[in-house]
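Take a look at the structure below.
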Amino acid sequence: MRREKTSLLRSKGVQSLLASLLCIVIGLLIGYIVLLIINPAGAGEAIRTIVENFLYYPSAAARLRYFGNTLVKTAPLLMCSLSVLFAYKVGLFNIGAAGQYVVGAGASLYVALGLGMPWYVCLVAAIAAGAILGAISGILKAYRNVNEVISCIMLNWISLYLVNALLTNVKETASPYTFTLSSTNPDAILPSLGLGALFANNQYVTIAIPLVILVSVAVWILLEKTKLGYELRATGCNKFAAKYCGMKEKRNIILTMAIAGGLAGMGAATLFLTGFEQWQVTQSAVPAMGFNGIAAAFLGGLNPIGAIFSSYFIQHITNGGAYVDKTMYSAQISDLISALIIYLCGFVLFFKVFMNSRLDRRDEKRRAKEDRPGSEEGGKA
């Protein structure tokens, strides 16, 4: 029984789960302390409200509807986290998921509002736009050894202003927001297939939700169960060794960044093609969705399946902040708590190392005790 317990704790999946849960608990605890400092009277109620999110509503129908809204916002976050972890598995840090998300939003909305195309064409356009932007960073990395972090950061801002300029042609006259899909091109809205009825007729719940889950499974299969996935990961471990083994390391780097970019671009389409949000052409900051994807990826243990749950949790906490008493706390308090958890995600690997060191020390003590003369096993020998 003892060996089984040790084996279980040695499991990477179990370690990732425990480390992620520890990050969440510490983040919520620090958040609660911050709430106590700001206003002790409402700290307990505020943290409970943030954690409850849609459960705040007494009506079952309202709970279902707002639960649907949380899932709608989880879909793009999950795609951005898949974008980050896919590249990270291949030894690349795709901080450009934010920019790839932006061009995905720009392409899908322009094809929908400017060209009047149906939803599936808009979805393909978003994936293609994100893939092209990701491939640019991949080409610079493969052929000029330009650090992907630097090229991605630069492309993030270029993407934002290009998309703002492009979508100015499809914005409302009296506001900085793009036209609504429902009034301009209803065919560009992702189909619901009856899913909205499951969430109290929430019109924004579409096939995007099951689609991103299927993509998560597909990414896991690609990385862990295919020859291509093995080649990509081998290239990430050592591109020179991969080259001498006959692998096309430059192609693999470019392909990895293109796939990662396509995932982030698709994430934007899963949000904006529901009609849930409109793009603001005057925004001067890159949307946080791409950066939050980094946190979701690490909180999920860099596992595509784990990212499903971590993405939902981060979005759940973020949405829960909307129900905090605004007379006591700022609406951004949930963002602060999310930021604390996001910051702690950087320590997930540290927690794993610490856990392994403790296990190693315990195993050494056990072996020393077993090898000691006069021990039970020694007597039998």
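No lab work stands behind these numbers, since they all come straight from the coordinates. This one's a predicted model, so the numbers in the text were calculated from it and none came from an experiment. Don't worry about glycine lacking a Cβ; one is built from the backbone with ideal geometry, like all the others, and counts go over all protein chains shown.
Details
- Among the residues of the stretch 322-337, those identified as closer than 14 Å to THR49 by Cα, touching a residue at least 60 places away in the same chain (Cβ under 8 Å) and not aromatic (Phe, Trp, Tyr) are VAL324, ASP325, MET328, ILE333, SER334, ILE337.
- Qualifying residue in the stretch 211-231 (condition: surrounded by 19 or more Cβ atoms within 10 Å (Cβ to Cβ) and more than 20 Å from the chain's Cα centre (by Cα)): yes
- GLU277 meets all of the listed conditions (1) assigned to a loop (DSSP other than H, G, I, E, B); (2) surrounded by fewer than 19 Cβ atoms within 10 Å (Cβ to Cβ); (3) in contact (Cβ under 8 Å) with a residue 40 or more places away in the chain but one, namely (3).
- Matching option when the condition is surrounded by fewer than 13 Cβ atoms within 10 Å (Cβ to Cβ) and of a type outside the set (Gly, Ala, Ser), among THR168, THR184, THR206, THR178: THR168
- Restricting attention to the stretch 145-164, the residues that are over 21 Å from the mean Cα position of the chain (by Cα), β-branched (Val, Ile, Thr) and more than 19 Å from ALA269 (Cα to Cα) total 2.
- Any hit, the stretch 334-356, residues being β-branched (Val, Ile, Thr), part of a helix (DSSP H, G or I), within 20 Å of the chain's Cα centre (by Cα) and under 19 Å from GLY13 (Cβ atoms): yes
- Search result, residues across the stretch 344-354 that are touching a Gly at 6+ places or on another chain (Cβ under 8 Å) and within 18 Å of GLN315 (Cα to Cα): LEU344
- Residue count for the stretch 241-274, restricted to those that are in a helix (DSSP H, G or I), closer than 17 Å to PRO210 by Cα and of a type in the set (Val, Ile, Thr): 1
- Flag for SER183 being without any contact (Cβ under 8 Å) to a residue 60 or more places away in the chain, in a loop (DSSP other than H, G, I, E, B) and hydroxyl-bearing (Ser, Thr, Tyr): no
- Hey, TYR230 among the hydroxyl-bearing types (Ser, Thr, Tyr) and either within 16 Å of GLY265 (Cα to Cα) or in contact (Cβ under 8 Å) with a residue 40 or more places away in the chain (or both) or not: no
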